[in-house]
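One structure is given below, represented as structure tokens, and several questions about it will come after.
Throughout, read-outs are computed from the coordinates displayed, never taken from laboratory work. What you see is a predicted model; the values in this text were computed from it and never measured. No Cβ is skipped: glycine too gets one built from the backbone with ideal geometry, and neighbour counts run over all protein chains shown.
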Amino acid sequence: MSESAKIVVVGVGGAGNSAIERLGGLNLQGAKTIAIDCDKPALEFINANKKLSIGELVHELGCGGFPELGEKCAESKRSDIIYTFDNADIVLMTVGLGGGTGTGAAPVIAQYARESGALVVAFVTIPLVTERGRTVRAVEGLERLRRWANTVVILDPNKIARQNPFGGTAFSTIDVLISETIRSFVETLNTPTLTNMDYASAKAVLANGGLGAILYGSSSTRDPMDVIYELLNHPLLDADYENVTGAIICISAGEDLPIKTAHQVMSRLRHELDPDAKVAFGVVTRSELVQKIQITAIVVGITTTVLPLVPVVKKSPVIVSSSAGKREDEIENEIKVEEKVEDKVEKEEKKEIVGKVAESYGAIAKDKVSKEHEGLVSKEYADEEVTIESVDESKVENGIAIEEENGDVLARLEERVSKIEEKVADIQMLLADQSLQVERFMGAVVAIDPDTRKIVAVGMTQEEANEKAKRIKAKQYITKHVRELLLLGVEFVPQ
Ligand SMILES: Nc1nc2c(ncn2[C@@H]2O[C@H](COP(=O)(O)OP(=O)(O)OP(=O)(O)O)[C@@H](O)[C@H]2O)c(=O)[nH]1
Ligand SMILES: [Mg+2]
């Protein structure tokens, strides 16, 4: 090893930390992992060397899809964040863009890492087109992140969702790709192996990488051409690699790999790239890869079709589909259509819940909400029972609700149903005493004390509660409740 670099791998937000969790499972050598989230309960499930909850401002329960909250949370924990970097030379970040924590906090964390002198490489996932409005937020987050990270490697689940050679969900495939790429990179840099990557060369590639992509190929034959073919024709990559400005190329293989084969692979790949591209190269051997050869590469300086704000330049005949230009339009159109549908559904749901709340609690909506929804307190809800549950945050923080699995949820719901009368009375008293903010989420309602921002009650119809219990685990159920509180907007006053 010529010069060893101190590397940390930092996951930000739920998706970012699922890649960290996977790295923990791979027993990553040569770097420390750090999990950062505003969602403290979610951190409990992550296997990382260090964990940092930065969610004090949001009661440690995530940012409910609001990047501005994620940003504020990160800013509020500046010194803690810098401390966890421990003067690292390289900070590798993993983030799913489109939610609140990752999208908002990652650019701030990248900034702090840069200011502490580290080289920052972020591996980001953009949302699926089916995630509706999240793409716009993701693009904004990406633009902010690009200002601070030296290189941002983008992974697009939409391509994988269309054609997934690995099986599983698009996101789990991406997490495999990210964790394999990070692992190989870190190991070729920082562990004793066949051909170590030179730190200075890696730094030269990544320092001004701009946008990057991952290339991946694996083969069970020892013909170097096979693995290169796999790599360059991989369906996950839709980037113009010929004109890239640099590449980090890691070959992983069994200990039986002849060094000559590794060099053949390398020189063939070199030939594929622009002659001026900077390349850093390493070979790592792993006992589980006997008779196999795998390449993970990070190419930088790419252009991509993925996001509307990123310029599109397509040149490579090997990977590029002739409909690439069209696809971008299609994606944009799909998003527009979906956003319209979403707006409509949201309006209708809001009307519906306002009706329910008003009916159940004898409350009326004020301001424009009341006008918009006047007359909506209809008889159609009269026959439905309403299940009300008081939830306080200590319950969630203690992890009691979070530990529960499906069976326990059913038991809890049964118990809850038996207490309907009592709880309805409770919430009615609460609502009679004070002005509470009420919002709907996932077909339920929550009442929040606007001063303390504490949830004082959660309510849903029995039918919805039963349906929910069939589908989801308690941890998701409870944490979702709290996240969605951040969508406050409708205020009710007692009649
Ligand atoms: N790589 C990866 N991405 C995912 C996964 N699940 C969701 N995503 C993507 O990541 C985006 C952000 O989701 P999260 O990471 O859960 O959001 P967050 O950053 O924790 O933000 P809040 O929960 O809103 O505070 C989603 O919109 C998806 O596009 C996953 O398991 N792996
Ligand atoms: Mg989250």
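Please report the net charge: other residues with Cβ closer than 12 Å to the Cβ of N208, K and R +1, D and E -1.
The answer is +3.
For the cross-link pairs K50/K203; K77/K278; K203/K292; K6/K159; K40/K278, which exceed 31 Å when the distance is taken from alpha carbon to alpha carbon?
Check vs 31 Å cut-off fails for K77/K278; K6/K159; K40/K278.
If you don't mind, there's one more thing I want to ask. In the calculated pair distance distribution of the stretch 7-321, what percentage of Cα-Cα distances lie above 38 Å? Display every interim value, and only then the final one.
Values: 4376 of 49455 pairs.
More than 38 Å apart: 9 percent of the Cα pairs in the stretch 7-321.
Can you list the HN-Hα couplings for the stretch 79-87, worked out from phi with the Karplus curve (6.51, -1.76, 1.60; θ = phi - 60°), rounded to whole Hz and with x for Gly and Pro?
5, 5, 5, 4, 4, 5, 5, 6, 6
Please list 88-94, 138-144 highest first by mean number of surrounding beta-carbon atoms within 10 Å per residue.
88-94, 138-144
What is the local net charge at G25, summed over the other residues whose Cβ is closer than 14 Å to its Cβ (Lys, Arg +1; Asp, Glu -1)?
Values: positive: R22, R183; negative: E21, D175, E180, E288.
Result for the neighbourhood of G25: -2.
5 Å is the cut-off here: which amide hydrogens, built 1.01 Å from N in the peptide plane, fall below it relative to V10, excluding neighbours closer than 5 in sequence?
I34, L92, M93, T94
Compute from the Cα atoms of the stretch 1-133 the Rg and the Dmax, the latter being the longest Cα-Cα distance, and quote both in angstrom.
13.9, 48
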